[in-house]
Amino acid sequence: MSRNASYTQLARDARAYIGQDHRYAHSVRVARCAELLARRHGVETRKARFAGLLHDLARLYSPQRLIAESEARGFYISRVEREHPVLLHARLGAAIARERFGINDPEILSAIEKHTTGAEPMSPLDAVVYLADSLEPERRFSERQELWELAMRDLFGGLRETLALSARRRAEKSARAAEAAASS
Ligand SMILES: [Fe+2]
Ligand SMILES: [Fe+2]
């Protein structure tokens with residue numbers, strides 16, 4: 001990415017690439033939230049906006065395409081990722097940001113790559129983008145506002161609580177699935 005690649009140009013290209021208003025609007029909200037968190041916590045706001053805008057480039061790919069494009073790039077694909085190819089959209093999104101959008105900054109690429117699972121270790125920029133994606137205002141869950149306020153005060157405290165909540169939700173979901181399977 002050239003030093004002065006403009007956000008406006010990038011936003012235009014991202015909108016065309018994503019090709020769906022709903023997903024693009026989410027990306028813009030994530031970019032804005034990432035910028036707010038970054039400013040509050042002394043993280044580079046430009047990197048936060050760029051990563052937020054581009055984090056979901058591969059989110060609308062079909063499961064087949066996610067697998068095929070990951071294989072084409074030689075990614076290791078875990079069993080869980082084969083069962084849930086949507087998990088690959090973060091790593092693949094980072095590859096597309098580099099290949100198609102000319103983003104070479106490893107910090108931006110890392111934040112895109114880690115926005116779904118929050119893999120350790122998380123840099124402040126990784127945390128900013130993860131939290132912006134999880135807590136943008138159109139996310140509808142009762143803890144959202146409280147977690148956002150916590151994240152604005154304490155970045156890694158907010159990260160811990162948000163990761164814990166999503167782990168709890170995943171556990172509940174698989175318990176429900178197991179129950180449904182047992183009773184069918
Ligand atoms: Fe995503
Ligand atoms: Fe997202």
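Yes or no: the stretch 32-48 includes at least one residue that is modelled with pLDDT under 95 and either surrounded by 21 or more Cβ atoms within 10 Å (Cβ to Cβ) or not in a helix (DSSP H, G or I) (or both). Checking the stretch 32-48: not a single residue is modelled with pLDDT under 95 and either surrounded by 21 or more Cβ atoms within 10 Å (Cβ to Cβ) or not in a helix (DSSP H, G or I) (or both).
I'd like the residue in the stretch 49-62 that is within 15 Å of ligand 1 (Cβ to nearest atom) and surrounded by 22 or more Cβ atoms within 10 Å (Cβ to Cβ) and, out of all such residues, is nearest to residue 152 (Cα to Cα). Out of the qualifying residues, it is 52.
Just one of the numbered conditions (1) buried (at least 18 other Cβ atoms within 10 Å of the Cβ); (2) over 12 Å from the mean Cα position of the chain (by Cα); (3) more than 13 Å from ligand 2 (Cβ to nearest atom) is not true of residue 18: (3). Looking across the stretch 102-113 at every residue that is in a helix (DSSP H, G or I) and buried (at least 21 other Cβ atoms within 10 Å of the Cβ), the one that is nearest to ligand 1 (Cβ to nearest atom) is identified as 112. Taking each residue of the stretch 54-67 that is more than 14 Å from residue 18 (Cα to Cα) and looking for partners that are in a loop (DSSP other than H, G, I, E, B) and modelled with pLDDT of 95 or more with beta-carbon atoms closer than 8 Å, six or more apart or interchain, yields 66/58; 67/77.
Listed conditions (1) in a loop (DSSP other than H, G, I, E, B); (2) within 15 Å of ligand 2 (Cβ to nearest atom) are all met by residue 51, apart from (1). The lone criterion from (1) among the charged types (D, E, K, R); (2) within 19 Å of residue 26 (Cβ to Cβ); (3) surrounded by fewer than 17 Cβ atoms within 10 Å (Cβ to Cβ) left unmet by residue 65 is number (2).
Having 2 or more residues that are loosely packed, with under 15 Cβ neighbours inside 10 Å and on the phi > 0 side of the Ramachandran plot is the bar; report the helices (runs of 4 or more DSSP H) wholly within the stretch 114-184 that clear it. Spell out how you get there, then give the answer.
On the way: elements: 124-135, 144-153, 155-183.
So the answer is none; nothing clears 2.
The values are calculated or read from the model by the stated rules, or taken from the named source; none is laboratory data. Nothing here was measured: the structure is a model prediction, and the numbers come from that model. Virtual Cβ from ideal backbone geometry, glycine too; neighbours counted across all protein chains shown.
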